[in-house]
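Here the structure comes first, spelled out in structure tokens, and everything after it is commentary.
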Amino acid sequence: MNSTPSERDGDNATGTFSAHDGTAGTHAGSVDIAEPAVQADGPDSTGPAPVVTGRPRSEVRLDIQALRALAVGLVVLFHLWPQRLSGGYVGVDVFFVISGFLITAHLLREADRTGKISLPRFWARRARRLLPASLLVLAVTAAATWFWVPTSQWPQYFREIGASALYVQNWVLSIDAVDYLAANNEPSPAQHFWSLSLEEQFYLVWPLLMLAAVFAARKFGRNRHLWVGATLSLVALASFVLSITWTISNQASAYFVTPTRVWEFAAGGLVAVFWPAPAKNLPAVRSVVAWLGLAAIVVTGFLYTDQTPFPGYTALLPVAGTLAVLWAGTAGRVWSPGIIGDRKPIQFLGDISYSVYLWHWPMIVILPYVLGHELGKGWKSAIIVATLVVAWLTKIFVEDPVRRGRVATVKPRWVLVAAAAGMAIVTVVSSLGTTRAEDLAVQGNKDAVALAKANTPCFGAAASDPANQPCINPDLDGKIVPSPVAALTDAGGNSYNCYTGGGSAKLDVCTLPGTTDKPVKRIALVGDSHAAMFRPALEKLLKRQNWSVDLYLKQACPWTAAPVVRLDVPKNWPSLCASYRDTIQKLLEDPKGPKYDLIVVNAARTDLVQLEAGQTEKDVEVAGYVKAWKPVLDAGTPIMVIVDNPVMPLDYMKCVERTSPKDIARCGVSRAEGLGNPDTQQLAAEQLKGVSVYDMTDFYCSTDFCRTVIGGVIVYRDEHHITGTWSRTLTPFLEQALQKELSATDK
């Protein structure tokens, strides 16, 4: 759900839209839209179909403006109705191609005219075109976040606002997309700036490449255009190959990073080098080519989905469609695309496309917080109208005055200084919001610890203990801990200190602190991040029981013999997981290896396995667990399965923060929805002698409903990981279950 604006600074600007959300495997749009293909208002600019601001409209490349209108329309409609226009995110690729075409043409004309390229002037023009509107939107977004957005969202929102001001948002989203503990972030109101960030990085590097090609042409005495064309061809080929391989290996990361998108800019640049203006003959052929190009873009908008491997080779279709329209131009015949694209409403949308892109997404994200409910059809339509009005006002009162101002056009140094100052101010404001959120999180965790140490009755899991009902403590007085902003990072302190990440196969085994050199019982905890969630509960009971607990934990890698696959991890992850599991298997089967009185296993019920024809996921998962556990059981080591916890909706925290304490019990999901897929570890246990099952579902759910807040404690820090605070309240119940199993081994 993101987009990015492009440039329109008088001298043929560009635009951009993005798609694919921050979450892995989801398309979201973003738009970077540029100004009409007109000549810049400075004396140093040139461009295809050059036009000085104020000249007749006929000198503007109407086909490019129409392309911008189409691209921004695809992105906005995709963001509002993703189910109806599932591939609207391709609008961003249209803008990338336009940007490459216009900027390459401008730089090449400057080199032809003067024999050089002025980097300060180029960067200053980009700054005065893009920054005033973008920094205004970021400032308004920061203020709206402070006043209307719940504090639980502040850390992510302000961090991304600051990253957008510094034009590194695409890299932040790429990192979050492959960060297992951050991959479930909801889209922020600044997420659409990823494409603008990518485009700004293009503006930073592209003139340097062009300058190198111009220098080589001068030194070796060859045709300048051939040198530029050869340079762009090499860049395009390398980037395209990288885009394909990176998308295959890790689509979540590949979607946002600059190297996988450069070929789209280069493709537009190649057209600018060899076909800088539409052909003046073959009007029938040009019309057909233009229609086919537009059809390619529109078809992808409807046929592509969030399951389409993108970018990579699938981006060829919208890119080729855009190149076709750029080559064909407006054929001038009544049956050419110009009959639609030249109309005033389309051209108006193309003119304000940059501001449309900037404003529409923050409205979509923040308005539900203002209203207190999700957007209905009427509110979505209102957002379209409001976006058009605000975008037009922004162009009239912000973009045009700065772009045409005398100081801005003749003093590049002052433009760059002002740009840096504006970026710094927005970044500082974002840092203040992040700091405030961190302070609230620290205080929230202190409150939770204090209540836990006070042995508050009916606190957390005690309030849902099936053996102690009803359990009501008026002393809690509606207090909810940790606070929502603290709950999102409440992983239990050291829960992931002894934990193997997705990019490693190394077996890190560590013993929880608190036991003596001669423990009474030795326990192994084996599983993924869900198993790691029980570390806080176990740490509380070690000293009084004198047990030893060893941890065997790896991200998204349950202890099974089945081949596990996932869509949101690097391509080599399955082989790393398999290697890690083989090491564990050999260690636990080895007669000379560590001896345990009990092995406790737990894993998310959402892991995926590789299937062959005729197989079901449930059967393969059960068989995988049985195959892995049986040799260890045969060696005499018992196993206890902890049934996995229910799953909440992605936006569960919105209900928690919007609901009064007395009504908080309504936040959650039905038991059927929360439990979802069956826990195949539990099913495997039923087929093996020596495997017991500890089902804690009744602590989370009543007979028909699973809650997000129980006994004053927020249960989840995301939709499927429990908080450290909740884990600690499970300690006495987990202790009873372990005592029962360990006692059985003594008989």
Those residues of segment 660-697 which are among the acidic types (Asp, Glu) and over 25 Å from TRP559 (Cα atoms) amount to ASP663, GLU673
Does segment 715-732 contain any residue that is assigned to a strand (DSSP E or B), within 31 Å of the chain's Cα centre (by Cα) and either at pLDDT 85 or above or buried (at least 20 other Cβ atoms within 10 Å of the Cβ) (or both)? yes
Tell me whether segment 221-234 contains one or more residues that are touching a residue at least 12 places away in the same chain (Cβ under 8 Å), part of a loop (DSSP other than H, G, I, E, B) and either crowded, with 20+ Cβ neighbours inside 10 Å or in contact with a strand residue (DSSP E or B) (Cβ under 6 Å, 6 or more places away or on another chain) (or both). no
Among the residues of segment 212-226, is there at least one that is touching a Gly at 6+ places or on another chain (Cβ under 8 Å) and modelled with pLDDT of 90 or more? no
Return yes or no: is PHE122 under 29 Å from GLY229 (Cα atoms), part of a helix (DSSP H, G or I) and in contact with a Gly (Cβ under 7 Å, 6 or more places away or on another chain)? no
Selection within segment 505-519 - part of a loop (DSSP other than H, G, I, E, B), more than 31 Å from the chain's Cα centre (by Cα) and either hydroxyl-bearing (Ser, Thr, Tyr) or farther than 25 Å from TYR716 by Cα (or both): PRO513, GLY514, THR515, THR516, ASP517, LYS518, PRO519
Is it the case that TRP206 is more than 25 Å from the chain's Cα centre (by Cα) and within 17 Å of VAL97 (Cα to Cα)? yes
Contact list please: Cβ distance under 7 Å, first residue in segment 613-642 and within 23 Å of LYS592 (Cα to Cα), second residue of a type in the set (Phe, Trp, Tyr) and outside any helix (DSSP H, G or I), pairs at least six apart or on different chains. ALA628/TRP559; THR637/TYR596; MET640/TYR694
How many of the residues in segment 586-599 are part of a helix (DSSP H, G or I), under 13 Å from THR637 (Cα atoms) and free of Cβ contacts under 8 Å to residues at least 60 places away in the same chain? 1
Filter segment 694-704 for residues that are touching a helix residue (DSSP H, G or I) at 6+ places or on another chain (Cβ under 6 Å) and either surrounded by fewer than 17 Cβ atoms within 10 Å (Cβ to Cβ) or modelled with pLDDT under 90 (or both) and give the result. ASP704
Residues located in segment 142-171, provided they are within 14 Å of VAL370 (Cα to Cα) and among the aliphatic types (A, V, I, L, M): ALA143, ALA144, VAL149
Among helices (runs of 4 or more DSSP H) entirely inside segment 312-372, those with 1 or more residues being of a type in the set (Phe, Trp, Tyr) are 316-328, 344-351, 353-371
All conditions in (1) over 25 Å from LEU232 (Cα atoms); (2) free of Cβ contacts under 8 Å to residues at least 40 places away in the same chain are true of VAL168 except (1)
Out of all the residues in segment 651-666, is one or more aromatic (Phe, Trp, Tyr), within 22 Å of GLY712 (Cα to Cα) and in contact (Cβ under 8 Å) with a residue 12 or more places away in the chain? yes
Single residue of LEU358, LEU367 found to be surrounded by 15 or more Cβ atoms within 10 Å (Cβ to Cβ), touching a Leu at 6+ places or on another chain (Cβ under 7 Å) and either free of Cβ contacts under 8 Å to residues at least 40 places away in the same chain or not basic (Lys, Arg) (or both): LEU367
Evaluation of TRP81 against (1) buried (at least 24 other Cβ atoms within 10 Å of the Cβ); (2) farther than 22 Å from VAL235 by Cα; (3) out of contact with any strand residue (DSSP E or B) (no Cβ under 6 Å at 6 or more places or on another chain) (one fails), failing number: (1)
Taking segment 305-325 and the residues there that are surrounded by fewer than 23 Cβ atoms within 10 Å (Cβ to Cβ) and of a type in the set (Ser, Thr, Tyr), the one that is farthest from GLY88 (Cα to Cα) would be TYR313
Go through (1) surrounded by fewer than 22 Cβ atoms within 10 Å (Cβ to Cβ); (2) at pLDDT 70 or above and name the single condition PRO56 misses. (2)
Considering GLY676, GLY668, which residue is on the phi > 0 side of the Ramachandran plot and surrounded by fewer than 16 Cβ atoms within 10 Å (Cβ to Cβ)? GLY676
Within segment 87-115, the residues that are in contact with a helix residue (DSSP H, G or I) (Cβ under 7 Å, 6 or more places away or on another chain) and either not in a helix (DSSP H, G or I) or not assigned by TED's automatic domain parsing to the domain that holds VAL228 (or both) are GLY87
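The values are calculated or read from the model by the stated rules, or taken from the named source; none is laboratory data. Only a predicted model underlies this, so the values are computations on that prediction, with no experimental measurement involved. So basically every Cβ, Gly included, is an ideal-geometry build from the backbone, and we count neighbours across all protein chains shown.
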